[in-house]
Amino acid sequence: MKLSAMMGSWEKANRFSHLLMLSNVALAMTLMGAVYLAIGNRERVVLVPPHLDTKVSVDMSTASSEYLKSFGLYIATLAGNITPYNVEFITDILSRHLDSRVYTAVRTRLKAVADDPVFRSSGGASWFEAKRLDFEKETSRVFVVGQLNTLSAGKSSADVAPVVYDLKIEMRDGRLLVTALDSYEGSEPHTLKWRASPAHEQKPAEAKGEK
C-alpha cells in the first residue's frame, strides 16, 4: 500500500468537495436573487385592442394615456346615457369602476336626474356624444368634451348642452379605478392651466356649473 498515493487522492477529493460546496452556494444565491426579482417584478403588457387605433401599455400601477382616455370615454358615455328605466343598470355597472368614496355621490346625482318627476313623466332620456378627449398627465385626469342631449316626449328635437366630463383615473393592482368624477357645462376642460388663468379668476361661477 502506497501511503503517498492515498494522501494525494484524499486531498483531491477534499478539493473537489470544496468546489462542489462553493458551486452549490453560488447556485443558491442565484436562485434567491431570481425569486426576489420574480416577486418584485410587475410585468408590463403592451396591447392593441380592437376598439383603439394605437397600441397601449398597462402594468400593475400605470397605464398609457390612450388607455386612460378610452376608459374615461367609456365611463362618461355610461354616466351620460340615463333614462328613468336604466338608471339602476347603469349605476350597477359604474359601481365596479368607481372608488367607493366617489360612487355614492355619483349614484345619488344620477338617481336624482332619473327620479325627477318631470323627466320621468315625460318619458325623458339623455345621451352623451363625445367630441374630444384630452389627458392631463400631471393629474392623471381625462377630459371628455362633448354635448348632452335631453329629449322629452312630445318634442321633435332634443335640447343640447355642451358638457365636459372630468375624471381622475388611477391604476390599482392592474385595475382601472375612477377616483374623481365631475361634469360641468361648457367645452373648456378645467385643467391646471385653466385654473391658473385670469379667465378662470374672472368667471368663478362657470367653474361651479354642473350638468
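Structure data summary
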| read-out | value |
| --- | --- |
| Partner aspartates and glutamates for K55 [C-alpha distance under 18 Å; skip if fewer than 8 residues away on the same chain] | E43, E66, D134 |
| Contour excess over end-to-end distance, with Cα ends at D182 and S65 and 0.36 nm allotted per residue | 40.2 nm |
| Point-to-point label distance, D115-L19, nm (Cα→Cβ direction, 7 Å offset) | 8.2 nm |
| Where labels lie 7 Å past Cα in the beta-carbon direction, separation of Q147 and D159 in nm | 1.5 nm |
| Calculated FRET efficiency for the pair D92/L31, C-beta based, R₀ 45 Å, to 0.05 | 0.40 |
| S57 paired with A196, simple spin-label distance in nm, labels 7 Å along Cα-to-beta-carbon | 2.7 nm |
| Difference of contour (0.36 nm per residue) and Cα-Cα distance, E170 to R101 | 23.4 nm |
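Only the coordinates and a few stated rules stand behind these numbers; no lab work does. The structure displayed is predicted, hence computed values, not measured ones. Here Cβ is always computed from backbone atoms with ideal geometry, including for glycine, and neighbour counts include all displayed protein chains.
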